[in-house]
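FYI, it's all coordinate maths here, none of it is from the lab. From a predicted model like this one, the values you see are computed outputs, not experimental measurements. Don't worry about glycine lacking a Cβ; one is built from the backbone with ideal geometry, like all the others, and counts go over all protein chains shown.
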Amino acid sequence: MPSLIALLLLLIYLLQPILTPFLVGMGIAYLGDPIVDRLEPTVGRIGGVVIVFAGLFLIMTLGVLLLIPMLAAELGTLIKNIPNFFLWLQQTASPLLVEWFGIDPFDVNMGKIKQQISGNWTEVGSIVRRLLLEITASGYALFLSLTNLVLIPVVGFYLMRDWDLLVGYLRETLPRNIEPIVSELARECDEVLSAFLRGQMLVMLALGSIYSLGLVMIGLDLALIIGMMAGLASIVPYLGFLVGIVAATLAALFQYQDLLPLVYVVIVFGIGQMLEGMVLTPLLVGDRIGLHPVAVIFAILAGGQLFGFIGILLALPFAAVIMVFLRFIHDRYKDSDYYRALDEPDPSMSETDRKV
């Protein structure tokens with residue numbers, strides 16, 4: 001069994017460049033299967049899958065039609081204000097940086113730059129060749145990304161259509177003596193994963209909406225971008241709060257050049273953090289995964305370090321499954337004769353020794 005797990009991890013590591021569409025498609029099939037099961041008696045399995053995909057496409061289309069114009073307007077405002085930003089940086093921020101840290105971002109020695117360029121002019125050919133190689137590699141990466149994007153709905157459709165058949169086939173291949181235990185563990189894993197994933201996505205959407213609405217109310221130009229970015233980053237505990245408050249503080253400082261809007265930014269993210277801890281997470285997620293926030297952070301960072309983006313996608317589901325198995329092992333240990341023997345007093349000991 002350990003060798004099988006090691007082989008599986010090695011395959012994930014070697015195949016991670018092509019695994020993304022399959023993992024995302026599997027996630028779509030997993031999350032959509034309960035809806036298809038409810039629709040199946042009425043419209044059939046394929047009909048249910050088509051309805052689910054049509055609903056997803058409609059939601060994505062409405063999201064694009066609603067969000068893209070707002071995002072485009074905010075990006076246009078950002079691009080238009082870039083000259084003002086450099087002017088503010090030169091007139092306001094640069095003197096403060098020089099006074100506090102001795103750093104001048106505009107202290108550029110043009111003579112030194114000219115000397116370096118003239119001294120390295122012979123390397124222009126190699127730089128051009130390297131640039132062409134980078135463009136070629138980027139083109140291949142873009143082609144691979146587009147291919148993966150097309151594969152996601154295809155993989156998701158077929159997996160969702162055959163999900164129950166695949167689960168039944170896997171159950172039938174298990175040895176009969178361990179099939180009840182494995183099926184029970186799989187059921188518990190399914191309950192933990194489905195509740196956690198659905199709940200966490202709702203928390204991310206709610207936080208993104210709360211942050212965006214709050215930043216719009218204080219008049220921040222980049223409210224939607226920063227709010228949604230903070231909502232997506234909240235999959236890692238406290239990361240959404242940190243990313244959002246830093247980005248919003250910088251945007252407010254540049255836009256208003258005053259300290260009072262910074263107080264409003266802190267209030268918006270403080271309210272969002274309190275709502276997440278006291279209302280959203282207990283209501284939508286609860287204690288679904290049973291992991292301490294520090295363990296969640298470690299799982300995500302470890303997954304990213306070992307397997308990149310694939311590892312980040314798999315970190316929390318994998319940690320949730322590990323917790324189910326650890327609870328199973330713990331319960332078995334508490335029911336074992338070894339544990340009961342440790343809890344029972346030694347009959348050879350005297351009453352005085354037992355009290356001591």
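Would you please put 178-189, 59-70 in order of how densely packed they are, using the mean number of other Cβ atoms within 10 angstrom per residue and starting with the highest?
Working: 178-189: 13.4, 59-70: 10.6.
Result, highest mean Cβ count within 10 Å first: 178-189, 59-70.
Which order do the peptides 218-224, 194-200 take when ranked by the mean count of other beta-carbon atoms within 10 Å per residue, highest first? List each step's numbers first, then the result.
Working: 218-224: 19.4, 194-200: 17.7.
So the order, starting with the most tightly packed, is 218-224, 194-200.
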